[in-house]
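Okay, so here's the structure we're looking at.
The values are calculated or read from the model by the stated rules, or taken from the named source; none is laboratory data. Quick caveat: nothing in here was measured; it's all calculated off a predicted structure. As a convention, Cβ positions derive from the backbone with ideal geometry for all residues, glycine included, and neighbour counts pool all protein chains shown.
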Amino acid sequence: MEPFIRSDQFNYIKEQINHLINAHTTVNDSGVLEAMSSLTEEKVKNVFPKLHDHQAALLNKSKEIVDQADAVFFLSQLRAHVIPFPQVSEDKLKNLFPKVKKLKIPVLEGIDLRDISYIGWNDYGAKRKYLVTFIEGDWHGLEGSFSSSYQENICTICNSHEKVGLFSAKIKSSGDHLLKRGNYICQDSMVCNQNISSLHNLHQFVHRMKEASF
Ligand SMILES: [Zn+2]
(Lines give C-alpha, C1' and ligand atoms only; values in the text may rest on other atoms or scores of the structure.)
Protein backbone atom coordinates (compact mmCIF):
# COMPACT_ATOMS: atom_id res chain seq x y z
CA MET A 1 0.00 0.00 0.00
CA GLU A 2 1.36 3.41 -1.01
CA PRO A 3 1.70 5.98 1.79
CA PHE A 4 -1.54 7.97 1.86
CA ILE A 5 -1.58 9.72 5.25
CA ARG A 6 -0.04 13.16 5.76
CA SER A 7 1.74 13.98 9.00
CA ASP A 8 -1.04 16.37 10.11
CA GLN A 9 -3.68 13.73 9.33
CA PHE A 10 -1.75 11.19 11.39
CA ASN A 11 -1.66 13.65 14.32
CA TYR A 12 -5.40 14.25 13.97
CA ILE A 13 -6.12 10.50 14.00
CA LYS A 14 -3.91 10.14 17.08
CA GLU A 15 -5.95 12.84 18.84
CA GLN A 16 -9.21 11.07 18.06
CA ILE A 17 -7.81 7.76 19.29
CA ASN A 18 -6.71 9.42 22.53
CA HIS A 19 -10.25 10.77 23.06
CA LEU A 20 -11.61 7.27 22.53
CA ILE A 21 -9.20 5.66 25.01
CA ASN A 22 -10.09 8.34 27.55
CA ALA A 23 -13.76 7.53 27.08
CA HIS A 24 -13.06 3.86 27.70
CA THR A 25 -11.43 4.68 31.02
CA THR A 26 -14.09 7.12 32.20
CA VAL A 27 -17.41 5.99 30.70
CA ASN A 28 -19.23 2.81 31.75
CA ASP A 29 -22.27 2.98 29.52
CA SER A 30 -21.73 0.48 26.69
CA GLY A 31 -24.18 2.31 24.40
CA VAL A 32 -22.26 5.55 24.77
CA LEU A 33 -18.96 3.78 24.14
CA GLU A 34 -20.32 2.11 21.04
CA ALA A 35 -21.50 5.47 19.71
CA MET A 36 -18.09 7.00 20.44
CA SER A 37 -16.31 4.16 18.65
CA SER A 38 -18.43 4.67 15.53
CA LEU A 39 -17.92 8.41 15.69
CA THR A 40 -14.15 7.93 15.95
CA GLU A 41 -14.14 5.69 12.90
CA GLU A 42 -16.23 8.24 11.00
CA LYS A 43 -13.98 11.16 11.96
CA VAL A 44 -10.83 9.24 11.11
CA LYS A 45 -12.16 8.31 7.69
CA ASN A 46 -13.60 11.75 6.95
CA VAL A 47 -10.08 13.18 7.04
CA PHE A 48 -9.61 11.73 3.57
CA PRO A 49 -11.60 12.95 0.56
CA LYS A 50 -11.61 9.43 -0.88
CA LEU A 51 -10.32 6.08 0.27
CA HIS A 52 -9.55 2.80 -1.48
CA ASP A 53 -11.10 -0.29 0.07
CA HIS A 54 -7.84 -1.50 1.60
CA GLN A 55 -7.19 1.95 3.10
CA ALA A 56 -10.71 2.08 4.55
CA ALA A 57 -10.25 -1.45 5.95
CA LEU A 58 -7.14 -0.30 7.79
CA LEU A 59 -8.90 2.77 9.23
CA ASN A 60 -11.99 0.75 10.19
CA LYS A 61 -9.91 -0.86 12.92
CA SER A 62 -9.96 2.47 14.79
CA LYS A 63 -13.40 1.64 16.18
CA GLU A 64 -12.08 -1.52 17.89
CA ILE A 65 -9.56 0.38 20.01
CA VAL A 66 -10.18 0.05 23.74
CA ASP A 67 -6.90 0.68 25.52
CA GLN A 68 -3.40 2.06 25.14
CA ALA A 69 -1.98 -1.22 23.83
CA ASP A 70 -4.56 -1.29 21.02
CA ALA A 71 -3.78 2.34 20.21
CA VAL A 72 -0.03 1.75 20.03
CA PHE A 73 -0.56 -1.21 17.72
CA PHE A 74 -3.03 0.63 15.50
CA LEU A 75 -0.88 3.77 15.21
CA SER A 76 2.24 1.74 14.44
CA GLN A 77 0.33 0.11 11.57
CA LEU A 78 -0.77 3.53 10.29
CA ARG A 79 2.69 5.00 10.59
CA ALA A 80 3.93 2.73 7.81
CA HIS A 81 1.56 4.62 5.50
CA VAL A 82 2.55 8.18 6.39
CA ILE A 83 3.92 10.29 3.53
CA PRO A 84 7.33 11.76 4.43
CA PHE A 85 7.99 15.48 3.93
CA PRO A 86 9.95 15.75 0.65
CA GLN A 87 13.75 15.60 0.82
CA VAL A 88 15.40 18.96 0.41
CA SER A 89 19.07 19.54 -0.41
CA GLU A 90 21.31 22.21 1.09
CA ASP A 91 21.44 23.98 -2.30
CA LYS A 92 17.67 23.97 -2.51
CA LEU A 93 17.43 25.58 0.93
CA LYS A 94 19.93 28.27 -0.07
CA ASN A 95 17.91 28.96 -3.22
CA LEU A 96 14.81 29.52 -1.13
CA PHE A 97 16.57 32.30 0.79
CA PRO A 98 18.58 34.09 -1.91
CA LYS A 99 19.01 37.27 0.14
CA VAL A 100 20.47 35.55 3.19
CA LYS A 101 24.25 35.62 2.89
CA LYS A 102 25.18 33.14 5.59
CA LEU A 103 22.23 30.86 5.93
CA LYS A 104 22.38 28.64 8.95
CA ILE A 105 21.47 25.22 7.57
CA PRO A 106 19.11 23.15 9.74
CA VAL A 107 20.19 19.77 11.02
CA LEU A 108 17.77 17.35 9.45
CA GLU A 109 19.63 14.15 10.20
CA GLY A 110 17.83 12.14 12.81
CA ILE A 111 14.50 13.74 11.95
CA ASP A 112 11.91 11.33 10.65
CA LEU A 113 10.40 13.21 7.71
CA ARG A 114 7.06 11.54 8.40
CA ASP A 115 6.88 13.66 11.57
CA ILE A 116 6.89 17.04 9.88
CA SER A 117 4.54 19.26 7.88
CA TYR A 118 7.16 22.00 7.51
CA ILE A 119 10.82 22.55 8.26
CA GLY A 120 11.49 25.26 10.82
CA TRP A 121 14.71 26.29 12.51
CA ASN A 122 16.18 29.11 14.53
CA ASP A 123 19.33 31.12 14.19
CA TYR A 124 19.47 32.30 17.79
CA GLY A 125 22.65 34.36 17.25
CA ALA A 126 21.01 36.42 14.52
CA LYS A 127 17.58 36.27 16.25
CA ARG A 128 15.99 34.91 13.11
CA LYS A 129 13.74 32.02 12.25
CA TYR A 130 13.32 30.19 8.96
CA LEU A 131 10.44 28.12 7.69
CA VAL A 132 10.23 25.95 4.61
CA THR A 133 6.96 24.54 3.31
CA PHE A 134 5.95 22.47 0.32
CA ILE A 135 2.40 23.36 -0.67
CA GLU A 136 0.73 21.83 -3.70
CA GLY A 137 4.02 21.26 -5.47
CA ASP A 138 5.54 24.64 -4.61
CA TRP A 139 8.36 25.31 -2.19
CA HIS A 140 8.14 28.41 -0.01
CA GLY A 141 10.83 29.87 2.19
CA LEU A 142 9.85 32.29 4.96
CA GLU A 143 12.37 34.29 6.90
CA GLY A 144 11.74 36.62 9.76
CA SER A 145 13.09 38.13 12.93
CA PHE A 146 12.22 36.08 15.97
CA SER A 147 12.06 37.15 19.57
CA SER A 148 11.24 34.49 22.14
CA SER A 149 8.42 35.28 24.51
CA TYR A 150 8.69 34.51 28.21
CA GLN A 151 5.11 33.41 28.44
CA GLU A 152 3.33 30.58 26.72
CA ASN A 153 0.77 31.55 24.16
CA ILE A 154 -1.28 30.17 21.29
CA CYS A 155 0.78 29.36 18.22
CA THR A 156 -0.64 30.67 14.94
CA ILE A 157 0.46 27.55 13.06
CA CYS A 158 -0.45 24.63 15.33
CA ASN A 159 -3.07 26.41 17.44
CA SER A 160 -1.65 24.93 20.66
CA HIS A 161 -0.60 26.59 23.88
CA GLU A 162 3.20 26.44 23.75
CA LYS A 163 6.40 28.37 24.29
CA VAL A 164 6.19 30.87 21.47
CA GLY A 165 8.02 33.82 19.99
CA LEU A 166 7.09 36.71 17.76
CA PHE A 167 7.94 35.97 14.15
CA SER A 168 7.89 39.13 12.08
CA ALA A 169 8.64 39.68 8.45
CA LYS A 170 8.55 42.56 6.03
CA ILE A 171 6.05 42.25 3.23
CA LYS A 172 6.07 44.31 0.06
CA SER A 173 2.74 45.99 -0.54
CA SER A 174 1.52 47.70 -3.70
CA GLY A 175 3.40 50.94 -4.25
CA ASP A 176 6.51 49.14 -3.12
CA HIS A 177 6.46 50.20 0.47
CA LEU A 178 7.16 47.61 3.12
CA LEU A 179 4.82 46.66 5.86
CA LYS A 180 5.71 44.54 8.82
CA ARG A 181 3.58 41.67 9.93
CA GLY A 182 4.06 39.55 13.01
CA ASN A 183 2.60 36.42 14.56
CA TYR A 184 3.32 34.27 17.55
CA ILE A 185 4.58 30.83 16.60
CA CYS A 186 6.23 27.96 18.48
CA GLN A 187 9.87 28.43 19.41
CA ASP A 188 10.52 24.76 18.79
CA SER A 189 9.31 23.79 15.34
CA MET A 190 9.49 20.06 16.11
CA VAL A 191 7.02 20.56 18.97
CA CYS A 192 4.87 22.60 16.58
CA ASN A 193 4.93 19.85 13.96
CA GLN A 194 3.77 17.30 16.51
CA ASN A 195 0.79 19.50 17.32
CA ILE A 196 -0.33 20.14 13.75
CA SER A 197 -3.57 18.29 13.11
CA SER A 198 -4.64 20.33 10.08
CA LEU A 199 -2.64 22.22 7.45
CA HIS A 200 -5.16 25.05 7.25
CA ASN A 201 -3.40 27.42 9.66
CA LEU A 202 0.04 26.69 8.26
CA HIS A 203 -1.12 27.52 4.74
CA GLN A 204 -2.90 30.68 5.93
CA PHE A 205 0.25 31.74 7.75
CA VAL A 206 2.42 31.27 4.67
CA HIS A 207 0.01 33.29 2.50
CA ARG A 208 -0.29 36.05 5.05
CA MET A 209 3.46 36.36 5.37
CA LYS A 210 3.93 36.40 1.61
CA GLU A 211 1.15 38.63 0.40
CA ALA A 212 0.38 42.11 1.61
CA SER A 213 -3.21 42.01 0.41
CA PHE A 214 -4.09 38.82 2.25
ZN1 LIG B 1 3.09 25.70 16.91
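Computed quantities for the displayed model
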item: Pairs, first more than 25 Å from Ser76 (Cβ to Cβ) in the range 11-31, second in a helix (DSSP H, G or I) and aliphatic (A, V, I, L, M), C-beta under 6 Å, six or more apart; result: Val27/Leu33
item: Helices (runs of 4 or more DSSP H) contained in the range 50-126 and holding at least 3 residues within 30 Å of Glu34 (Cβ to Cβ); result: 53-60, 68-79
item: The range 190-213, residues that are more than 13 Å from the ligand (Cβ to nearest atom), free of Cβ contacts under 8 Å to residues at least 60 places away in the same chain and either buried (at least 20 other Cβ atoms within 10 Å of the Cβ) or of a type in the set (A, V, I, L, M) (or both); result: Ala212
item: Residue in the range 147-154 that is at pLDDT 95 or above and closer than 20 Å to Gln9 by Cβ present; result: no
item: Strands (runs of 3 or more DSSP E) contained entirely in the range 130-205, each with at least 1 residues that are of a type in the set (Lys, Arg) and over 27 Å from Pro98 (Cα atoms); result: 161-172
item: Extreme residue, nearest to the ligand (Cβ to nearest atom), among residues of the range 123-169 that are among the hydroxyl-bearing types (Ser, Thr, Tyr) and over 27 Å from Lys94 (Cβ atoms); result: Ser160
item: Those residues of the range 60-69 which are without any contact (Cβ under 8 Å) to a residue 24 or more places away in the chain and surrounded by 12 or more Cβ atoms within 10 Å (Cβ to Cβ), in sequence order; result: Asn60, Lys61
item: Residue within the range 101-119 that is surrounded by 18 or more Cβ atoms within 10 Å (Cβ to Cβ) and among the hydroxyl-bearing types (Ser, Thr, Tyr) present; result: yes
item: Enumeration of residues in the range 16-37 that are assigned to a helix (DSSP H, G or I) and surrounded by 12 or more Cβ atoms within 10 Å (Cβ to Cβ); result: Gln16, Ile17, Asn18, His19, Leu20, Ile21, Ala23, His24, Leu33, Ala35, Met36, Ser37
item: Filtered residues of the range 155-169 (kept if polar (S, T, N, Q) and either in contact (Cβ under 8 Å) with a residue 60 or more places away in the chain or more than 20 Å from Asp8 (Cα to Cα) (or both)); result: Ser168
item: Meets criteria (within 28 Å of Leu202 (Cα to Cα) and surrounded by fewer than 17 Cβ atoms within 10 Å (Cβ to Cβ)) for Leu51; result: yes
item: Top-ranked residue in the range 170-189 [being aliphatic (A, V, I, L, M) and more than 10 Å from the ligand (Cβ to nearest atom); ranked as farthest from Ile13 (Cα to Cα)]; result: Leu178
item: Condition check for Arg181: out of contact with any Ser or Thr (no Cβ under 6 Å at 6 or more places or on another chain), basic (Lys, Arg) and closer than 29 Å to Val82 by Cβ; result: no
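Residues are listed down the side, and each one gets a yes or a no for (1) farther than 22 Å from Gln151 by Cβ; (2) modelled with pLDDT of 90 or more; (3) of a type in the set (Gly, Ala, Ser):
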position	(1), (2), (3)
Lys172	yes, no, no
His177	yes, no, no
Arg181	no, no, no
Val191	no, yes, no
Asn195	no, yes, no
Leu199	yes, yes, no
Glu211	yes, no, no
Phe214	yes, no, no
